[in-house]
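Structure, as C-alpha cells:
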Amino acid sequence: MKESQYRKKIDKKIFRIIVAGILGIILLSVIAFFVCFRITEIEVDGNHHYTEKEIQKMVMKGPFKSNSILFPMTDIEENTKDTPFIQAITVERLSPNKIAIHVVEKELIGYVPFLDGYMYFDKKGIIAESTVEPLEGVPYIEGLEFDHVALKDKLPIDNEDIFNTILSLSRMIAKNEIEPDRIVLDKKYNITLYYGDIQVTMGEDSYLEEKVTHLAAILPYLEEKKGLLHLENITNDAKNVTFEKDEASDSDEDSQDSGEKDKTIEAESTD
C-alpha cells in the first residue's frame, strides 16, 4: 500500500517535471522566436507625400509590430485607411530582421477650393480626398467651374478632356521640380502658371512638353523679378519667348542698370 502511494508520488513528480520542461521549452522557443525575428531595419519605398518616419509611424502598430514574421500577416491597411494620399500599403519580409514597406500613393493631379475646404481629384476627375487645410505636393487649380461636388464623384465640368491636360502638366512640372503656386484656367482652358510675382502664360495644351522644358530653363533667371513670361507661342519650330517686366520693378532695375530700359525682353532659348 505504501509502495503504491510512493510510486504515485514519484509519477506525479516526474509528470510535473516533464510538464515544466515542456513549458520551459515552449517559453524559450517563444522568446527565441521574438528575439531572432525582431525587426531592426525597415525600408520604405513608393512614398512621396510622407517621409519614411511618417510612414513607419502610421504602419508600425499592434502587438506584433516588432516581429518580421507575424507583422506582415496583420491587417496593415487598417492603420492607414483614413490617411490622405495612401491607396495601398504592403509589408515584405526581406530577412529575419529586415522588412520593406511598399507604399502605393493615390495620384492626385490637382485640388480646388470648395466651401470651407479643399477637394482633391485624380486623373479621371474623381474627388478622392478632402481636407480642411491645403496639402503640399498637389497643384492648386483655379478656373474649373462647378456648383456641387462630393467625395467619390467626378467634378461636374463641361470639358472632361481638361483632366488629361492637368495630368500631363502636373507630371511634367513634378519631373522638372518647378511646382507653381497655382494653375489658372480661363473659360477656353488656356493655361497660366503663377510663381510668386512671375506670371507664365502657356496658352492651349499643345506643345506642353516643350513649354515646360523652356520654363524650367528660364525660371532660375527670373528670381526676384516681376512680370509676365510668354510661352504660348512655342512650337517645334518657334522657340522665342518673351518676358514683360512689371513696370514698377522695371523702373527699379533701370535705376541700377541703365542697360535694361525696355519693358519687353526677347530671348531665344537654346536646346
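DSSP assigns beta bridges within the chain; of those with both partners inside it, close to 75 percent run antiparallel.
Given Cβ point charges of +1 (Lys, Arg) and -1 (Asp, Glu) and nothing else, what value in debye, to the nearest 20, does the dipole of the stretch 81-223 about its Cα centre take? Don't skip to the answer; put the middle values down first.
Values: 14 positive and 26 negative charges, 131 e Å.
So the magnitude is around 620 debye.
Between SER66, SER168, SER29, the residue with the greatest mean-square fluctuation in the GNM of the chain (Cα pairs under 10 Å linked by springs) is SER29. Per residue, the accessible area of the stretch 83-201 comes to 52 Å², computed with a 1.4 Å probe over protein heavy atoms only. Taking θ as phi - 60° and the Karplus parameters 6.51, -1.76 and 1.60, the scalar couplings of the stretch 68-76 work out to 6, 8, 6, 4, x, 8, 7, 7, 5 Hz in sequence order, x denoting glycine and proline. Across the protein chains, with a 1.4 Å probe defining accessible surface, the residues VAL35, VAL19 rank VAL35, VAL19 from largest area downward.
Comparing ILE183, LEU229, GLY117 along the charge dipole axis of the chain, the residue lying farthest to the positive side is GLY117, per the Cβ-charge model.
Projecting label points 7 angstrom from Cα along Cα→Cβ for GLU78 and TYR221 puts them 5.9 nm apart. What's log10 of I(q)/I(0) for the chain at q = 0.08, 0.09 Å⁻¹, Debye sum over Cα points only, no solvent? Here the Debye-derived log intensity ratios amount to -0.54, -0.63. Taking trypsin sites (Lys or Arg not before Pro) as exposed when DSSP calls them loop and at most 12 other C-beta atoms lie within 10 angstrom, the chain has its longest site-free stretch at 1-80.
To put it simply, the accessible area of the chain at a 1.4 Å probe is 51 percent carbon and sulfur. Calculate how many DSSP beta bridges within the stretch 187-250 are antiparallel, expressed in % of all such bridges and rounded to the nearest 5. DSSP beta bridges in the stretch 187-250 are roughly 70 percent antiparallel.
Placing +1 on each Lys and Arg Cβ and -1 on each Asp and Glu Cβ, with no other charges, gives the stretch 73-148 a dipole about its Cα centre of roughly 460 debye. Treating r as the C-beta distance of PHE64 and ASP186 and R0 as 41 Å, the FRET efficiency rounds to 0.15.
Largest GNM mean-square fluctuation among TYR221, TYR189, TYR140, using the chain with Cα springs under 10 Å: TYR221. Note on exposure: VAL132, VAL112, VAL30 ranked by accessible area (1.4 Å probe, complete protein assembly) read VAL132, VAL30, VAL112, with the most exposed listed first.
The values are calculated or read from the model by the stated rules, or taken from the named source; none is laboratory data. Values in this document were obtained by computation on a predicted structure and should not be read as measured data. Reconstructed Cβ throughout: ideal geometry from the backbone, glycine too, with neighbour counts over all protein chains shown. Please note that ligands, DNA and RNA were not included when accessible areas were found on the heavy atoms of the full protein model with its side chains. Shrake-Rupley method; radii C 1.70, N 1.55, O 1.52, S 1.80 Å.
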